[in-house]
1. Ignoring ligands, DNA and RNA, what percent of the accessible area of the range 18-149 is carbon or sulfur (1.4 Å)?
2. Dipole size in debye (nearest 20) for the chain around its Cα centre, Lys and Arg Cβ +1, Asp and Glu Cβ -1?
3. Name the residue farthest towards the positive end of the dipole of the range 11-148 from the options SER38, ALA94, ALA109, assuming +1 on Cβ of Lys and Arg, -1 on Cβ of Asp and Glu, about the Cα centre.
4. Once each part is reduced to its C-alpha centroid, what is the distance from the range 139-160 to the range 57-81 in angstrom?
5. Counting only other residues whose beta carbon sits under 12 Å from that of SER60, what net charge do I get with K and R as +1, D and E as -1?
6. Could you sort LEU149, LEU78 by their accessible area in this structure, using a 1.4 Å probe and putting the largest first?
7. Need one number: nm distance between label points at LEU158 and LYS2, each 7 Å from Cα along Cα→Cβ, rounded to one decimal.
8. Under 8 Å for C-alpha pairs, at least 6 residues apart: give me the relative contact order for the chain, rounded to a whole percent.
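The values are calculated or read from the model by the stated rules, or taken from the named source; none is laboratory data. Source: prediction; values computed, not measured. All Cβ positions, even for glycine, are placed from backbone atoms using ideal geometry, and neighbour counts span all protein chains on display. Areas reflect the complete protein model, heavy atoms only, side chains present, ligands, DNA and RNA absent. Shrake-Rupley method; radii C 1.70, N 1.55, O 1.52, S 1.80 Å.
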Amino acid sequence: MKEVKILTTLHQMQVSEMSEAQRELVERAKQMVNNSYSPYSHFQVGAAARLSNGQIVCGSNQENAAFPSGLCAERTTLFAANANYPDAAVEALAIACYTKGHFTAEPGAPCGSCRQVMLETEHRYHCDMQVILYGESFCYVVDSAKELLPLIFVSDNLKG
Ligand code: THU
């Protein structure tokens, strides 16, 4: 038997340490919590994606009385980006979470399904997606969605 360790690198930083482009994306994600439709969880999530064509596409979580019919902010954003600009890669995605009157102190962690969709987008465009997770106390930045979901399952795996 052999033990395999998988190392993930997260860059922990303050918004003040980010590039102007990163700060802009975080700001857009923070604004987007206002468009969240979350009457059930009262957990508002905003996301903003920077595309290779220069566009910024935004989204927020959209809930539903039939709970599983709702969708997270990351997926509304990525699907909107891919639906409207199918030829543009997603170069960066920022996420911010707001509940009980303030942004979360710690960076919001994308759910597993959103991580899987991020990977598909990276794989589809052959382009790493920088993921910026905003928190009031500190932020995490990863250079690729692969850092958030090792042992990826993408179309290559279907080939057997
Ligand atoms: N949510 C997101 O939008 N993104 C995530 O990655 C985690 C969870 C939403 C889904 C639901 O509307 C609410 O947050 C509570 O789970």
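1. Working: 2960 of 6020 Å².
Of the solvent-accessible surface of the range 18-149, carbon and sulfur hold 49 percent.
2. On the way: 12 positive and 17 negative charges, 66 e Å.
The calculation lands at about 320 debye.
3. SER38
4. With the range 139-160 and the range 57-81 each reduced to a Cα centre, they are spaced 21 Å.
5. Values: positive: ARG28, LYS30, ARG75; negative: GLU63, GLU74.
Overall, the nearby charge balance is +1.
6. Working: LEU149 45, LEU78 0 Å².
Sorted by accessible area, descending: LEU149, LEU78.
7. Going from the LEU158 label point to the LYS2 one covers 3.0 nm.
8. Working: 326 pairs, mean separation 36.1, N = 160.
Relative CO of the chain lands at 23 percent.
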